[in-house]
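These notes concern the structure reproduced below.
The values are calculated or read from the model by the stated rules, or taken from the named source; none is laboratory data. In this text, all values refer to a predicted model and were calculated from it rather than measured experimentally. Counting neighbours? That spans all protein chains shown, and the Cβs are built from the backbone with ideal geometry, glycine included.
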Amino acid sequence: MQTRTTTIAWTKRMTTLLVAMLLCGTTLYAQQGGTTPKKDWEKEGEIEDVEIEIINKREITLPKANRNFEKIPPRPAETIKNPITYDFRSFSFQAPPINPPVKPLKLKAENPTGVYGGYVRAGFGNYVSPLLEAYFNSRRDKNKLIGAHLYHNSSDKGPVDGRNSGSGSTGLSVFGKSFSNSIALSGNAGFENRTTHFYGYAPGTEVDAASIKQSYNLFKLGGEVSNAKNSDFAYSLGAVFSHMADKYKARETEVDLNFKSYYKLDEDSRIAIKADYFMISRKDALVEAKPRSLFQVSPSYEFLPIEDLKLSVGFVAAFENDSIDKKSTHIYPDVKATYPLSPSVDAVAYMTGGMEKVSLQSLSNENIWLGPNVPIFHTNKTFDFGAGIRAKVGNKVSAHAGLGFTTLKNWYFFVNTPTDVSKFTPVYDVSATKRTNFYAALSYAQSEKAKFMVRGDFYGYSTGKVTSAWHRPTYKLTANASINVYDKILFNADLIAQGGMKALDPVTDKSVSLKGAFDLNLKTEYLFSQSFSAFVQLNNITSSKYPLYLNYPVRGFQAMAGITWSF
């Protein structure tokens, strides 16, 4: 630090000396270059011209600075005693097979004591109407199922003259099914009695209830064999024997055989076949008809001709010996198609035909007030075409709408007999009846808590030999709704509305328009426990005594209360 201070001081002195010399030089030059002569006193002490040369021979030397840095000493190397060698060898590794124990998720097994095999319902209502129904089924068994069903529902009084219009039904049936690894066998036997009165007589007529009573006794025995597991080839073969007799010497015996099978060719195609045989023998007070037989077979091939289009192509062949039709062999096309317009909307269409079996049993199920010795013939559905839309919104809402055109030969209509207006006989349109049907349906299901369904049908008829489509409605509306409140209270409501029916008055031989039907029913059930409940059922709440057929009004407001028990 001292050396640097000395150098700075010396530099300042040299700078001052140089500045002084320059100032002196300037003054001398100004004096020598003037024209005014110098005086003597001015010459005294004059500085002569002298050249001054300043030579600085001093060399400034600075000592080297000592910079001491601590250096990291190198790590002493370890002496390698043995040289490193590398040995490359092939290595084979074989792990043992792993069989992890995969445990699929299982539902919690139900407590066998919580599975009920029996059910009893009993109630009583106005019109002196007792109700009793019971089911019994064997407990859970993977190899067999056995059960029985008993019911009785009657009303001692009806809408016309008390007991003169009483009705009821009683039935008992047993059934069983057995399973093996390859086949399943089932069988059933049952008896049913249906009772009514011919209360469609003229008002004011004195009639004894016993003299107008009608009853049908039906005995059935059936069985079926089918494959027990789903496979590429499936089949079922069934047979039913039945015998029915009424109070007026009518007897009918029927044997039905049916066979269904299909063979799956691949994921998109299969071959199916369906065959039915019916043999009907009937006797009446004045009629002993020859046995009527009907055999019908319908093979089909189901496939996808183009992407997403499901097509079933086949035919229906029918062979029958009804005397009303000269032809005994009938061939019909059988085509069905389904195409998705969107992921939730499908377009469906069909064109088919076939023979529809008609028997005393089927006619009496539709109209129980048939007279004796009625004519019975099968219906020839010569053409049946329809197209519609099926839509599904999520998992809760579905809708269906469509239009159908059907040509029915030998279709029957009910008219009152001229000799007894309280009885009916079927009349057949031997030409053809063309029927048009437009329908729309909507359903909603919120699990088991709430359900709703409504369907409307509109019909149009064009008859041939028959004047009008007697007792056939032109519109029909059905609706059903059910609600489960806190798994304690169940509500169920039904609505049926239909109208546009016409009847032929046998007295005046003129057409009569029948009053439209409107029937609203409500049922409420309260669950005291899982096995015991009480119910109240109200039928025809509006008490509308609309006619089912000419001269046959229904009962008005009906109320019934009862209990149910599961065991």
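The table below gives the values:
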item: Filter result for SER364 (small (Gly, Ala, Ser), within 23 Å of ASP505 (Cβ to Cβ) and more than 30 Å from the chain's Cα centre (by Cα)); result: no
item: Residues of the stretch 506-552 classified as closer than 23 Å to THR478 by Cβ, among the hydroxyl-bearing types (Ser, Thr, Tyr) and more than 32 Å from the chain's Cα centre (by Cα), total; result: 7
item: Selection within the stretch 287-318 - in contact (Cβ under 8 Å) with a residue 40 or more places away in the chain and β-branched (Val, Ile, Thr); result: VAL287
item: From the options VAL225, VAL240, residue that is surrounded by 16 or more Cβ atoms within 10 Å (Cβ to Cβ), free of Cβ contacts under 8 Å to residues at least 60 places away in the same chain and not basic (Lys, Arg); result: VAL240
item: Selection from the stretch 539-567 of residues that are touching a strand residue (DSSP E or B) at 6+ places or on another chain (Cβ under 8 Å), part of a strand (DSSP E or B) and buried (at least 17 other Cβ atoms within 10 Å of the Cβ); result: ASN539, PRO547, TYR549, PRO553, GLN558, MET560, GLY562, THR564
item: Yes/no for VAL512 being buried (at least 16 other Cβ atoms within 10 Å of the Cβ) and closer than 20 Å to PHE424 by Cα; result: no
item: Checklist (1) surrounded by fewer than 16 Cβ atoms within 10 Å (Cβ to Cβ); (2) under 27 Å from ASN164 (Cβ atoms); (3) of a type in the set (A, V, I, L, M, F, W, C); (4) modelled with pLDDT of 95 or more applied to ALA534, failing item; result: (2)
item: Residues that are over 28 Å from THR338 (Cβ atoms) and crowded, with 16+ Cβ neighbours inside 10 Å, drawn from the stretch 256-275; result: ASP256
item: Scope the stretch 123-164; condition touching a residue at least 24 places away in the same chain (Cβ under 8 Å), polar (S, T, N, Q) and in a strand (DSSP E or B); matching residues; result: SER129, ASN153, SER154, SER155
item: Selection status of TYR459, hydroxyl-bearing (Ser, Thr, Tyr) and either at pLDDT below 95 or closer than 23 Å to ALA559 by Cα (or both); result: no
item: Any hit, the stretch 236-244, residues being touching a strand residue (DSSP E or B) at 6+ places or on another chain (Cβ under 9 Å), outside any strand (DSSP E or B), over 17 Å from SER362 (Cβ atoms) and small (Gly, Ala, Ser); result: no
item: In the stretch 430-441, residue modelled with the lowest pLDDT [restricted to those that are of a type outside the set (S, T, N, Q) and surrounded by fewer than 17 Cβ atoms within 10 Å (Cβ to Cβ)]; result: VAL430
item: Matching strands (runs of 3 or more DSSP E) fully within the stretch 326-429 where at least 2 residues are surrounded by fewer than 18 Cβ atoms within 10 Å (Cβ to Cβ); result: 329-342, 345-356, 379-393, 397-409
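Per-residue answers, yes or no, for (1) in contact with a helix residue (DSSP H, G or I) (Cβ under 7 Å, 6 or more places away or on another chain); (2) of a type in the set (A, V, I, L, M):
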position	(1), (2)
LEU131	no, yes
LYS144	no, no
LEU150	no, yes
SER186	no, no
HIS197	yes, no
GLY204	no, no
GLN214	no, no
